[in-house]
Each structure stands twice: as C-alpha cells, then as structure tokens.
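Everything on this sheet refers to the single structure shown next.
Computed from the coordinates by the stated procedures, all read-outs in this text should not be read as laboratory data. In this text, all values refer to a predicted model and were calculated from it rather than measured experimentally. Cβ placement follows ideal geometry from the backbone for every residue including glycine, while neighbour counts extend to all protein chains displayed.
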C-alpha cells in the first residue's frame, strides 16, 4: 500500500521536476548554448538527488517552492558534472542516459561551456529576485550547502582523487574518502537542502545528515556493483567502464559478495538514522533508501 | 595628488585581495586540485573586477567584509573562465599572465576540474556560515548578481557566441552583444556587487549600472586594441591571437582609429554616469575608468 503511494509520489515529483527544469533551463540562449544545456539535463536520469530534496522537505513539512528550486539546482550540478566527466580529457565516454554524450552531440567547447553555464544556473535558480516565496536567508543557506558539496572539498575534490587514482591500488579507506566527496557530498547535501527548507532540531539535522552520508555511500557501492553486473542497455551508459579505465571500485577492492553485503549494511545504517531522527513522517526517505540499493540501473 | 592617493589605494587593495584569495583558495585540497586552483588565480592578473567591487563599495560606504568576499568571488569566476577558455578545445593557448596556462602545467583534466571547483568556491566565499559580518540577505543578493552575470545570459553565453563567430563576419551590433555578455556582464556585476554592499537610491543604482555597462564595453574595446598593438611580453598572454584565430574584434570591425575613438567615448559615458549618480565620493570609480582605458596591458 505504502509502496503504491510511494511509486505515485515518485512519478508525480519526477513530472514536477521535469516541468520546472524545462521552464528554468533556457531554450533561447545564444549560439545553441541553451540547447546543449537542455540536452544535458532534460528527459533523462534517475533524479535521485531531486527526489531526496523533495522527500526531505516533506519530512520536515518545509517550503515547497524552495525545495523545488533546490531539487533542480542539485540536478543541474549533477548533470554538469556528468557532461564534464564524459569529455575526452576525463573519462572520454560517448554514451550517457542512453544518448550520445553532450560533447559528441555538440562538440567539446560547447559541452564545456554548457557545463559551466549549468553550474551558474544552479545558483540562479536558488536566488529568485522575489524573496517572498523563498526568504533571502534560506536562499543563502541553500547556496552555501550546494556550493560546499560541489566544490573542492566535495564533488570536484573527489573527482580529482578519482583522476589521480587511475591504475593505482587504493585501500578501502582512500576509496571511501574519494566516494564520500565525489558522490556522497552532493547526495548528502540534497537531503540537507530539503531539511533546510523546514524547521529541525539539531538532533534531527544530525540524523538526516547521517542518513544522507550512509545513503550516499550506498549509492556508490551499488553503482560499482551495477557497473560489472549490468549491460550498457540497462544502465543507459557504458557498462564495465571502471574496469576498462583501470579504476579502483568497491568491487575490485572488496569483491562482489562483500560489496553487496556492504551496500545492505549501509542501507540499514541509513534506516537506523531515520528511525533515530524522530521525524513524524520519513516514509519517502526510507523508501528512497531501499530504491537506491535495490535498483538495477 | 588624488592620482597618488589612488595609486596607493590600488596597491593596498591589491595586497588585501591577494591575502584574502591566499586564505580562501585551499592549498591542501586532494590530489593537487588546490594547487591547480591557486596557480590559476594567485599572483597574477590586473584584478580590475575586484578593484571595481571595492571602489563601488567605498562610493556607497558599504560593508567592507562583504565587498572583499565579492571581490574575490568575481575574480575566481574570471580566473576559472580564463582556465577553461585557454584549453585546447577552446582557444588552445599556452601563455597566460606570463606563465604557462593551467592545462599546460597540470593537464587538461585537472584544469577543467580546477575551473569547476573555482566557480563553486566563488559561491562558498559569498556565503560564510557566520551571517553576523555578511547578513544572509546580502549573501543571497551577491550570489544572485554573480550567478546571473556568469551564466548563460552573461559570460558563458557570450563565450558561446564567440565560439560560433570564429571565421564569420560580425556587424558591430552582434559584436557588441557578444562583448556585453562575455566581458561586460561580469565587469558590470562587479560594480553592482560593490553597490549592493551599501545603500543606494534607485537612481544611484541605475547610474552605477550604466557606468559598469560603459566601462565593461570600454574594457573590451581596449583589449582588442592592445591585442594588435602590444607584444606578448607586455600583455603577459599571446598577442595577436584574435587575428590568428580569425575572430572578429572591434579593430577588425571598426578599424584601429575608430576603435580608439570608441574607447574614449565609452570612457566619457562612464564618467557622465558617475557624475549623474550624485554619489558623495566616486573618485576611485572615476579613476578606475581612466585606468581601464589608458592601460597598456
């Protein structure tokens, strides 16, 4: 029953996020830049981060307009990072979300600019001129959370470690540190941005932070598992590419069985954090943790 | 007399900006990312944008801490755009600020990541956790101004037009539109961010906006002139590269003499806007307009 309601909620929110992105990502930007931006973010992706923002907002009965802006902003950051990550000087990948990557479709220079403009757009979306719907203090808080999770201490820093680790053996500790930054920081920030749209106690905030931390790591462990167990068609991106790129993953470091056990442990940890939070209704967050671990793409 | 004071003010502010950047751009970021970021922004550049922020702040007797953060944030955006612009898929340039470009020094992937992390860092710097020194509403306003000037409607959009214009004849109108976005938007935003740190009437705000607009265009016209009249050693970057890249410039569209006259007209327009603003002391802004037009690098 709850499961059916959840599926309905997910479908409705995915539609709402798509409409909002469609409205906010420009189609009339000069010299085709807007088209490249739209190609890179519309009509694709699992939208895990927006769903986390919106579920966290519901769990704290937060400001819906602010949460939708945060949901789109974090997806813009995620989508720009994929565009840059796919470029020839990084992973050199040609398939993403079942389509040719942005640089294959629009050229490398336009892909780089589209990514750059999408990062800026994320902060535009968070700072609407009208502070009546999103109070200025909340705008600033959301910008702060997003910038710190996307930057040198978060996503970009993790990608730098990733880049430096190609062909090198990593221990589990270093692998975990890399993923905490590269994937975990933005997923955790999604939860916290949603939480920031409402009111929480310090204990609730910390519990949601722990939930986001465990879920972020679980997401990456499952990604590493899927990279070796699924075909490219299911993933919508090139399967086995970590192996081909000689990159350390949870599967190469722990082995497949231990990686699966680790993902289950992290899900349990995320659920325990939610239980500890004492939030009145964290159902969607709980079911999202299951969805992240049980997914097949 | 004023001129001496101005030179002193410029030197002191350049030192202050350098110290602030040195403190805010991380040296201990993982896998060399911080080093690449620091290489790309410290110890170089004319710092026109930070000086505009700080001069505008003085003209409205604004919040000094906020202005220093805005000065560094806008310079981080400018510096990241140079790093990306110099990359092989864009201008493919090897010399910048008298040094090898970031991708030559650190590799293309690290250069792209450093630029990405610097854009995020700009918004980190604008949103300190402590809102006692920079009120949250001002943080949000500065993020809004910076994001819009850096994104698709501003700098990134202008670069996309630039990219599409290579080898094509442009009329003066299209060239002006490109430069309004590519260079003008961020220079104008620098003035407005400085103005936002204090209190202005709507008329003063509009006058400062017009000043920033004229100055931004003047800056680009002078850049185009210097590209053909100065040697690489003086510029600290490759001279004649617009011509080599077959890019339309004010010099190719108007001719050298008319470009010089145009720069002088724009300076007059900037000065007239300041006079119209009725601000008690806009001396530094006025002398900065002269400095931008009279510079030789």
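A few remarks follow.
- Over the protein assembly as shown: helical MRE at 222 nm, DSSP H runs n ≥ 4 each giving -39500 (n - 2.57), nearest 500: -22500 deg cm²/dmol
- Backbone N atoms of the stretch B:158-186 closer than 17 Å to the 7 Å Cα→Cβ label point of residue B:92 belong to residues B:163-168.
- Between B:174, B:200, B:283, the residue with the greatest mean-square fluctuation in the GNM of chain B (Cα pairs under 10 Å linked by springs) is B:174.
- Look at where the Cα atoms of the stretch A:1-30 and of the stretch B:180-217 average out, and the two centres are 36 Å apart.
- Between residue A:171 and residue A:12, full extension at 0.36 nm per residue minus the direct alpha carbon distance yields a gain of 53.1 nm.
- The simple spin-label model puts a point 7 Å past each Cα toward its Cβ; for residue A:229 and residue A:291 those points are separated by 2.0 nm.
- Packing order of peptides A:258-267, A:104-113, B:212-221, A:161-170, highest average first: B:212-221, A:104-113, A:258-267, A:161-170 (average count of other Cβ atoms within 10 Å over each peptide's residues).
- Calculated FRET efficiency, residue A:43 to residue B:268, Cβ-Cβ distance, R0 = 45 Å: about 0.35 to the nearest 0.05.
- Using the Cβ-Cβ distance between residue B:132 and residue A:201 with R0 set to 22 Å, the FRET efficiency works out to roughly 0.45.
- Calculated FRET efficiency for the pair residue A:28/residue A:64, C-beta based, R₀ 35 Å, to 0.05: 0.80
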